[in-house]
Each structure stands twice: as C-alpha cells, then as structure tokens.
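Take a look at the structure set out below.
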Amino acid sequence: MRCQSKWLLGCVGIGLLWTAWSCGVALEAGEEWAGGMTSVLEEGRDAYSRSARNMPTERIGDFSVGNSFFNTNWTAAPASASARDGLGPVFNARSCSGCHLKDGRGRPPEPGELMTSMLLRLSVPGDGEHGGPKPEPNYGGQFNPLAIPDVPAEGFATVAYEEIKGEYADGTPYTLRRPKMILKDLGYGPLAKDVLISPRVAPPVYGLGLLEAIPEAAILAQADPDDKDGDGISGKANSVWDVVNKKMSLGRFGWKANQPSLLQQSAGAFLGDIGITSPLFPDQNCTSAQAACAKAIQGGEGESTKPEITMERLEQVAFYTRALAVPMRRKWDDPQVLRGKGLFSQARCQSCHTPKWKTGEAQESFLSNQTIWPYTDLLLHDMGKELADNRPDFAANGQEWRTPPLWGIGLTGVVNGHTMFLHDGRARNIEEAILWHGGEGEASRDAFVKMSKAERDALIAFVNSL
Ligand code: HEC
Ligand code: HEC
Ligand SMILES: [Ca+2]
Ligand SMILES: [Ca+2]
Ligand SMILES: [Ca+2]
C-alpha cells in the first residue's frame with residue numbers, strides 16, 4: 001500500500017493526526033529526486049552509469065571520451081596504442097573501472113585472495129609535504145601490489161577476519177567481522193617499524209559533481225569541531241593541499257576527505273593507482289629505493305612523452321565523474337520506508353548524514369542550484385577505536401572519517417553484486433555498517449540496538465530506498 005491510499009484511509013478512518021504522522025510529516029516534496037534534476041530513473045545494473053538527465057547534449061562527447069578513459073585498460077610502454085600506455089611501473093589496477101566497477105564500489109578480497117578493488121595507504125608518523133601524510137620511505141604513500149615486467153612489485157596484500165559476537169537489546173544475536181591486513185612477499189625490504197596502514201575500498205563515483213558544487217561556506221557552517229552545542233557530534237572540515245591553486249582547500253573526496261576536487265582526485269588516482277603521470281602529477285610513482293621503477297620507459301603520445309595523460313583527457317575523465325547521475329529513489333512513499341525515515345531521525349543519524357543540500361553556482365551549469373539529498377555533511381567524525389586506522393591524513397586524525405553519502409546505496413547489490421560497506425568493506429550489509437558506528441556515532445548505534453526487529457527492518461528499508 002502506498003502513502004496516498006493510506007492517506008485516504010487515514011482521513012476516513014483513524015483520523016488526521018495519524019495521517020500527518022505517517023505521511024504528511026515524513027514525506028518531503030521532491031525527496032525522491034535524490035540528485036535533483038540530474039537524477040535518472042534506473043534501478044538495474046547501469047543505475048550508477050548514466051549521465052545526468054539534464055546534461056546538455058553537446059557534452060555527450062566529453063562524457064563518452066571520459067567514460068572510455070575510465071574503462072580503458074592501460075598497457076605497459078611502449079605500445080602501439082600510445083595514448084593509452086604508460087601503465088605502472090608499479091600499480092594497483094589497469095583501469096579506473098577495475099576498482100570502481102560499474103561506477104560503483106569495490107570490495108575487500110576474500111581471505112587469501114589478492115586485493116583488487118581496494119588499496120592500502122601507507123605513511124610514517126610526522127608531517128609530509130604541506131602537512132599531509134609522510135610517505136613510507138621505501139614503499140611511498142600507497143602499497144602497489146602489481147608491476148610491469150622487470151620491475152619488482154611491492155608485494156601481496158590480503159585480509160583475514162576475526163569474528164566478534166554481539167546481541168540486540170531484544171536478545172537477537174549478531175556476528176561482526178574485524179579485519180586484519182596481511183602483507184606478504186615484500187619486494188623492497190621490510191616496511192618501516194612505525195608504518196601506518198589505511199585500508200580503503202573504492203567508493204562509488206556517481207553524484208560527485210553535485211557534492212563538489214555544495215558551497216564551501218554551507219559545509220563550514222555545519223562544522224562544530226569543538227562540539228560547542230554539546231550534542232556529542234563534532235563535525236570537522238578537512239583542509240588539504242590543492243595542487244592546482246597552490247593553497248590549502250576544503251577536502252571533500254575520499255574516505256577522509258583528503259582531496260579538494262574531482263580533477264585532483266582523478267589525477268591522484270591515475271598516478272597512485274594505475275601509474276599514469278599527468279600535468280598535475282608529472283613524476284612517476286617510484287621511491288628512491290625503487291631503481292628499476294625509476295628507469296622504466298615512459299608512456300604517452302609523441303616524442304616528448306611526459307606526462308602520460310594530457311590535460312584535456314584528464315579533464316574529460318574528471319568531467320565524467322562530475323556528470324555521473326544519481327539514481328532516483330525507490331519506494332520512498334512506502335509506509336515501512338516512511339517509518340524507517342522517522343527512526344533515522346529519532347536515532348539522530350541525520351546529525352552526520354545531513355539529508356538535504358542546495359548546490360551553488362557550479363563549474364557545470366547543469367549542476368547549479370539543485371536541491372539534492374545526499375545524506376552526508378562531508379565532514380570528519382571520530383568514529384571510535386574499532387573503525388580507526390590510526391593514520392592521520394591532513395587535518396583528519398586516526399579515528400576520523402568523512403561521513404559517506406548514502407544516496408543510491410540501496411542499489412549496491414544490484415550493480416556490484418555485493419553489499420560490503422564502510423571504508424575497509426568489513427560490513428557485509430547495512431545492518432553491520434550501523435553496528436560498527438562508535439565514537440560520535442555510538443549513541444546512534446545504541447539507539448539501533450535498542451530497536452525492535454520491526455523497527456530495525458524499517459530503518460534498513462529506508463536506507464535501502466535511498
Ligand atoms: C586500486 C583501486 C582504484 C583504482 C584503480 C581507482 N580508484 Fe578511485 N578510489 C579508490 C579508493 C580506495 C578511493 C578512496 C580514496 C581515499 O579514501 O583516499 C577512491 C576514490 C575516488 C574518487 C572519490 C570518490 C568519493 O566519493 O570521494 C574518485 C572521483 C575516483 N576515485 C576516481 C577514480 C578515477 C578517475 C580513477 C582512474 C584514473 C580511479 N579512481 C581509479 C580506488 C581506486
Ligand atoms: C557521528 C556521525 C555519524 C552518525 C551519527 C551516523 N553515521 Fe553513518 N557513517 C558515518 C561515518 C563517518 C561513516 C564511515 C565510517 C567508516 O567507513 O569507517 C558512516 C557509514 C555509514 C554507512 C556505510 C556507508 C558506506 O558507504 O559504506 C551507513 C549505511 C550508515 N553510516 C548509516 C547510518 C545510520 C542508519 C545511522 C543512524 C543509526 C548513522 N549512520 C549514524 C557517520 C555517522
Ligand atoms: Ca607510468
Ligand atoms: Ca608504492
Ligand atoms: Ca555538536
């Protein structure tokens with residue numbers, strides 16, 4: 001039964017008060033258009049792969065070139081397809097879509113399997129350039145398990161799990177799994193004794209142009225780093241080095257909001273994940289301990305082959321991630337979903353997962369002035385010891401993570417064939433993701449644990465409707 005028919009029933013039967021609670025209060029105008037005018041009506045395997053519904057037709061060319069470079073498998077240099085060579089020398093994957101499969105999210109490997117759609121960030125304590133993480137001396141800022149021929153790879157990374165048991169207030173048992181990263185066959189000697197390792201799965205890449213277009217002042221207005229209002233929720237903005245503007249900027253992207261823009265995020269991914277240099281990051285990803293890596297042949301077009309991807313191509317890939325549409329919500333007016341929506345706010349989930357924003361004047365006018373429902377504040381929160389990676393990233397400390405957007409999350413299973421959530425993919429479903437919330441999120445988690453089975457189901461149905 002949908003809300004409208006219930007509304008009628010409510011008027012005829014139980015009365016207006018109940019009606020207002022079950023429909024009027026909970027349902028908000030336009031909330032089903034998660035990405036505003038960009039939203040697409042698509043709930044199949046391509047739900048994350050469409051261009052914004054209102055993207056002008058003259059941009060289809062840029063979108064499809066970006067799409068093609070996002071999907072292309074880069075090859076080792078020299079190759080005949082010289083616009084798409086330069087892979088490595090060390091790398092994690094051959095393409096962006098190797099990790100962001102179907103523009104969605106990656107997952108951790110099964111125990112004993114190689115990491116394919118997640119990566120490990122590395123550093124040692126202390127400040128690196130511009131106050132960012134200080135790279136591990138031999139392995140750099142990221143563990144690269146693969147390499148081109150004649151260059152040693154950095155090693156093999158996998159995950160093992162330990163089961164931990166818990167119980168809801170109603171006595172229902174649950175089991176969570178706590179991950180432990182395992183690094184083997186190290187190619188460049190032992191890691192520094194005090195190495196800091198941050199596991200991160202590839203997050204989905206749709207709707208990001210809208211998040212980029214939320215005015216900085218609006219995000220900062222929600223920050224409350226010292227919890228002055230005393231609600232137990234801080235919310236801190238990350239401040240990161242902006243390579244293009246050569247200044248510190250608000251961080252928005254990545255699990256710790258360590259990237260300021262989609263252009264820089266894409267350039268960083270090309271270099272760090274695939275080994276492709278760009279005008280933003282012109283030097284190969286080799287440390288001084290990696291001699292064969294440093295000597296390997298450059299890829300790219302023409303005689304002067306540096307960098308391996310041109311600014312035009314890089315901008316097209318960034319445009320692609322900017323223009324990927326958010327899917328429209330499903331079942332937004334279903335009574336169980338609306339009940340869950342009420343519980344989401346009772347458990348104060350929205351104090352971090354801010355439902356609604358309005359974009360400002362965007363770089364792309366079709367993203368401007370949109371009312372969007374991403375369910376994130378783009379701020380950092382202390383999520384407790386269990387989720388901590390203990391690795392600082394600019395202003396983010398070892399326990400802080402950026403609130404991830406929840407829009408589109410209910411289609412993860414359909415698109416990616418799994419429902420592994422959180423930064424390291426340890427949660428096997430939405431329920432486990434909530435149960436891992438600690439620190440500033442602990443009160444919300446406790447509220448969830450105290451709910452009845454029907455209430456928990458309703459809350460999860462709501463999250464899955466996003
Ligand atoms: C090895 C797996 C891997 C590959 C390959 C990869 N990514 Fe990512 N991507 C990630 C991870 C992990 C993150 C989160 C990074 C972090 O938290 O520091 C991420 C984050 C992103 C984000 C930000 C998403 C958000 O919600 O904040 C964008 C955009 C992105 N990648 C684009 C790309 C592009 C473009 C390419 C190809 C050039 C690419 N990625 C290749 C794993 C990958
Ligand atoms: C204190 C801020 C905060 C509160 C309150 C909060 N969350 Fe979160 N949520 C986060 C952060 C930060 C993460 C990412 C943590 C990580 O990956 O380690 C997260 C992750 C999630 C995820 C997984 C998202 C993904 O992409 O992997 C879901 C689902 C989620 N939260 C739902 C909820 C629900 C439902 C509630 C209320 C019961 C809630 N959250 C309350 C901050 C919060
Ligand atoms: Ca290269
Ligand atoms: Ca490395
Ligand atoms: Ca507060």
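The values are calculated or read from the model by the stated rules, or taken from the named source; none is laboratory data. If you're wondering where the values come from, they're calculated on a predicted model, not measured in any experiment. FYI the Cβ positions are ideal-geometry reconstructions off the backbone, even for glycines, and counts take in every protein chain you see.
Remarks
- When Ser64 is tested against (1) surrounded by 14 or more Cβ atoms within 10 Å (Cβ to Cβ); (2) part of a helix (DSSP H, G or I); (3) modelled with pLDDT of 95 or more, only condition (1) is not met.
- Answer from Glu163, Glu110 - the residue that is under 21 Å from the mean Cα position of the chain (by Cα), more than 16 Å from ligand 3 (Cβ to nearest atom), within 18 Å of Leu422 (Cβ to Cβ) and charged (D, E, K, R): Glu110
- Residue within the stretch 105-117 that is assigned by TED's automatic domain parsing to the domain that holds Gly410, buried (at least 18 other Cβ atoms within 10 Å of the Cβ), outside any loop (DSSP other than H, G, I, E, B) and not charged (D, E, K, R) present: no
- If you go through the stretch 432-457 and keep only what is acidic (Asp, Glu), within 22 Å of Lys256 (Cα to Cα) and surrounded by 17 or more Cβ atoms within 10 Å (Cβ to Cβ), you end up with Glu432, Glu440.
- Whichever residue in the stretch 290-310 is hydrophobic (A, V, I, L, M, F, W, C) and in a loop (DSSP other than H, G, I, E, B) and, among such residues, is modelled with the lowest pLDDT: Ile297
- Condition met for Asp377 (within 24 Å of the chain's Cα centre (by Cα) and part of a loop (DSSP other than H, G, I, E, B)): yes
- The residues on offer are Gln290, Gln336, Gln316, and the sole one that is of a type outside the set (A, V, I, L, M), buried (at least 16 other Cβ atoms within 10 Å of the Cβ), more than 25 Å from Gln222 (Cα to Cα) and within 16 Å of ligand 2 (Cβ to nearest atom) is Gln336.
- Single condition Phe156 does not satisfy, out of (1) more than 23 Å from Asn258 (Cβ to Cβ); (2) surrounded by 11 or more Cβ atoms within 10 Å (Cβ to Cβ); (3) away from ligand 4 (no atom under 15 Å from the Cβ): (3)
- The single residue among Gly166, Gly189 that is surrounded by fewer than 12 Cβ atoms within 10 Å (Cβ to Cβ), closer than 23 Å to His437 by Cβ and touching a residue at least 40 places away in the same chain (Cβ under 8 Å) turns out to be Gly166.
Okay, residues lined up against (1) among the basic types (Lys, Arg); (2) under 30 Å from Ala296 (Cα atoms); (3) in a loop (DSSP other than H, G, I, E, B); (4) away from ligand 2 (no atom under 16 Å from the Cβ):
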| residue | (1), (2), (3), (4) |
| --- | --- |
| Leu220 | no, no, no, yes |
| Pro225 | no, no, yes, no |
| Asn245 | no, no, yes, yes |
| Lys256 | yes, no, yes, no |
| Gln264 | no, yes, no, yes |
| Asp273 | no, yes, no, yes |
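- Of all residues in the stretch 231-283 being among the hydroxyl-bearing types (Ser, Thr, Tyr) and touching a residue at least 40 places away in the same chain (Cβ under 8 Å), the one that is nearest to Gln346 (Cα to Cα): Ser234
- Neighbours by Cβ (under 6 Å, 6+ apart or cross-chain): first from the stretch 74-87, buried (at least 21 other Cβ atoms within 10 Å of the Cβ); second part of a helix (DSSP H, G or I): Trp74/Arg84; Trp74/Ile274
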